[in-house]
Amino acid sequence: MMKKMIGALGAAVLLSISAGADDLNARIAAVAESGGGKVSVSGVTRMEGPLELKSGVELHLEDGAEIVFSGDPKRYPIITSSYEGQDRKRPSALVMARDARDVAITGKGTFRANVDYWHSAEGYRNPRPQFFQFSGCRNLRLEGFRVRESPSWTIHVYDTKDVVIRGLDVIAHGRNTDGIDIDSTENVLIENCRLDQGDDGFVMKSGKNAEGRRRGKPTRNVTIRNCTVVNGHTLLGIGSELSGGIENIRLENCTVEGEVWRVLLVKTNPARGGYARDIHVKNVRAARSKCAIFEIMPDYFWWKEQKADPEIVRTAIEDISVEDVTCDEAWYAYDLRGDADLKPRNVTDPVDLTAIERIRGNP
């Protein structure tokens, strides 16, 4: 799959131009209309609104280049997009690609968001844009660049196939600032990334409740390897929006440098349905897990959601393994709370207690 993706994109790299602050969107559109190519950015480019990528275009940030986005909410039009497993009216992402093929962002430059408004008390009360959203795409490559701060989710890949995310350096603090959300997406390789987040690090999702079940678009065939989460809520989160199903997820050879709340969290509630299966975590070194190293949570926000969506549809959880996890400090080794009406099956070797140097008695 990886050779096919690289070859397909490489064939489209026909033209390289230097993009300035005048109109980066126009330059990208011109390259796309000419058959595809490479748009190179140097220096500082200030965006007064969203940046939209097109089929066949590689956006390349030269070493030292920065693309800086306005923090004015009026600059981001309200559109219909997927967020937390449902279609909603929300501000456009700062960087987006919709129904595009052979799209790439590469280079050693930096994407920077002005988040003063979004992270203020007023900003938290209103819908906040994601930094990157790729929707309905095929053959997507994100490689080498840095991201600094985000209004909410940092990188959201939705309803997309054949994805490589490699060598990203992300720092984004604040509420709901997940690192990389893989949502109703298939065939993904994530490697050599470093995330420092205010929320979850790597997250797998596939739609919420009845709408997610109607979509029926699972997330599957995802490998995460040789990555680091500095701080965040989880190293790997499964759900809670998993109504379309999540399967065949592999995380291996990863590190938590600072603190997460949980290394692996599978979260759902009795309205979700769907399934989480064939999920395997191997060879992780974590400095500190604030809560449990491995947790299954069958009632995530159920106290709040059961009034709005009382339909009961259980989630099947099966074939999950956690192997060779070493954690210097944790509250619990594991906290596995299955649904009594549909119990988890084949959950093996949750944690080798001998590998834990110290387990805290208190949070």
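The values are calculated or read from the model by the stated rules, or taken from the named source; none is laboratory data. Treat the numbers as computed from the prediction; the structure is a model and nothing was measured. With ideal geometry, Cβ positions are generated from the backbone for all residues, glycine too; neighbour counts draw on all protein chains shown. Protein only, heavy atoms only, side chains kept; ligands, DNA and RNA dropped before computing areas. Shrake-Rupley method; radii C 1.70, N 1.55, O 1.52, S 1.80 Å.
Pairs exceeding a 27 Å alpha-carbon distance, out of 205/290; 108/205; 205/307; 54/108; 74/304; 74/161: 108/205; 74/304; 74/161. Proximity of backbone amide H atoms, modeled 1.01 Å from N, is registered between residue 156 and 132, 133, 134, 181 at under 5 Å, excluding neighbours fewer than 5 places apart on the same chain.
Extending 7 Å from Cα along the Cβ direction at residue 308 and again at residue 79 yields two label points whose distance is 2.4 nm. Legend: residues 233, 173, sorted from most to least accessible area (1.4 Å probe; ligands, DNA and RNA excluded), read 173, 233. Per residue, the average separation of C-alpha pairs within less than 8 Å and at least 6 apart gives the chain a relative contact order of 9 percent.
Against the set (i) 21.1, 67; (ii) 19.9, 56; (iii) 20.1, 63, the structure's computed Rg and Dmax of the Cα atoms in Å falls on (iii).
Cut-off under 20 Å on the C-alpha distance; same-chain residues fewer than 8 positions from residue 343 excluded. Which aspartates and glutamates are left, in chain and number order? Leaving aside aspartates and glutamates fewer than 8 places away in the same chain, those within reach of residue 343 are 241, 247, 278, 295, 299, 311, 318, 319, 335. Per residue, the solvent-accessible area of the chain (1.4 Å probe, heavy atoms of protein chains only, all protein chains present) comes to 40 Å². Extension gain for the segment residue 116 to residue 87, taken as residue separation times 0.36 nm less the Cα-Cα distance, is 7.8 nm to one decimal. Of the solvent-accessible surface of segment 81-167, computed with a 1.4 Å probe over protein heavy atoms with every protein chain present, carbon and sulfur atoms account for 37 percent. Quick one: which residues, 5+ away or cross-chain, put their amide H under 5 Å from the amide H of residue 45? H built at 1.01 Å from N. For residue 45, the qualifying residues are 66, 67, 68. Can you give the FRET efficiency for residue 343 and residue 124, using 1/(1 + (r/R0)^6), R0 = 35 Å, r = Cβ-Cβ distance, to the nearest 0.05? Given R0 = 35 Å and the Cβ-Cβ separation, E is 0.40. Remark: relative contact order (segment 149-300) = 19 percent; criterion is Cα-Cα distance under 8 angstrom and separation of 6 or more residues.
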